[in-house]
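Contents: one structure, followed by commentary.
The values are calculated or read from the model by the stated rules, or taken from the named source; none is laboratory data. Keep in mind the model is a prediction, meaning the values are calculated, not measured. So basically every Cβ, Gly included, is an ideal-geometry build from the backbone, and we count neighbours across all protein chains shown.
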Amino acid sequence: MNYLAHLHLGGPSPEQMLGSLYGDFVKGRLDGRFPPAVLAGIQLHRRIDAYTDSHPIVQRAIGRFPAERRRYAGIVVDVFFDHCLARHWHAYVDEPLDAFTGRVYDVLAAEPELPGRLAAVAPYMIADDWLGSYRDFRVIGQVLQGISRRLSKPEGLAGAIHEVQALYEPLTEDFREFYPVLQEAVADLR
C-alpha cells in the first residue's frame, strides 16, 4: 500500500494520519522519538506493509509481471493499488476523497516538524494534490518515475507503466479482492 491507503487505514485523528505517513519516511528504531499516538501509527504502517507484502492476493498481483520486473513489482503494485483506491474511493469510504485529502493536507500544513524527506515533499504533496491525483492513471507513471530516481537501480522501474496498462483489469480485480480483506485485517493489526 502507498500513501493514500495507509492514510485511510491508519485512522482519522491528526496523530494517526501523521503516523500513517511517517511510516514511509522514518526508518529504524522508534524509541521515544514520537508521541504515543504517532508512534502507534508508524507501527501500524509497518504491520500493514508486512501483512500486505506476504498476502497471497498481493503475491499473485506481483506474479502477473514479467520475471525481470518481479524485484520491483511490489512497488508498482503498491502505487497501482492507491490508484484503484482513489478511483473507487466511494466503494470503501463514505467521506468524499477531496474532503479526506483536504483534512490530510491541513494536518500536514499544521505540523511544524515533519521528519526527514517528508518535510521537503509535503508542500508539493499539498500544492499538487498528490493523494487525489492518484485517480488519474497518467499520474501513476509520474509517481513510478519519481520513485525510480530514489532507487539504486532506477532502471528497475523503466517501462513498468506499460506493463501496468496491459495488466490494468486483472490488477484492478486483485485490488478489489484484497482491499476489503486488508480493511478487516487492520482491526487485528492495531
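In the stretch 12-22, the condition of being closer than 18 Å to residue 177 by Cα, assigned to a helix (DSSP H, G or I), modelled with pLDDT of 95 or more and not hydroxyl-bearing (Ser, Thr, Tyr) is met by no residue.
The single condition from (1) crowded, with 21+ Cβ neighbours inside 10 Å; (2) modelled with pLDDT of 95 or more that residue 90 fails is (1). Scanning the stretch 81-126 for residues that are closer than 21 Å to residue 39 by Cβ and touching a helix residue (DSSP H, G or I) at 6+ places or on another chain (Cβ under 7 Å) turns up 104, 107, 108, 111, 114, 115, 118, 122. The numbered conditions (1) buried (at least 17 other Cβ atoms within 10 Å of the Cβ); (2) within 22 Å of residue 55 (Cβ to Cβ) are all true for residue 148 except (2).
Within the stretch 53-72, can you find the residues that are assigned to a helix (DSSP H, G or I) and touching a residue at least 40 places away in the same chain (Cβ under 8 Å)? Please lay out each step first, then the result.
Going residue by residue through the stretch 53-72, those that are assigned to a helix (DSSP H, G or I) are 53-54, 56-63, 67-72.
Across the stretch 53-72, the qualifying residues are 57, 58, 60, 61, 69, 71, 72.
Taking the conditions exactly as written (touching a residue at least 60 places away in the same chain (Cβ under 8 Å) and over 29 Å from residue 158 (Cβ atoms)), does residue 107 satisfy them or not? Before the answer, list the steps.
On the way: touching a residue at least 60 places away in the same chain (Cβ under 8 Å): yes; over 29 Å from residue 158 (Cβ atoms): yes.
The answer is yes for residue 107.
Six or more apart or on different chains, Cβ atoms under 6 Å: show the pairs whose first residue is in the stretch 2-17 and more than 12 Å from residue 42 (Cα to Cα) and whose second is in a loop (DSSP other than H, G, I, E, B) and hydroxyl-bearing (Ser, Thr, Tyr). Sorted first by the residue in the stretch 2-17, then by its partner, the pairs are 4/134.
Among what's in the stretch 93-104 and is in contact (Cβ under 8 Å) with a residue 24 or more places away in the chain and either of a type in the set (Lys, Arg) or in a loop (DSSP other than H, G, I, E, B) (or both), pick the residue that is surrounded by the fewest Cβ atoms within 10 Å (Cβ to Cβ). Give the derivation first.
The initial filter retains those residues of the stretch 93-104 that are in contact (Cβ under 8 Å) with a residue 24 or more places away in the chain, namely 93, 97-98, 100-101, 103-104.
From what's left, either of a type in the set (Lys, Arg) or in a loop (DSSP other than H, G, I, E, B) (or both): 93, 103.
Numbers: 93: 13, 103: 15.
Filtering first and then ranking leaves 93.
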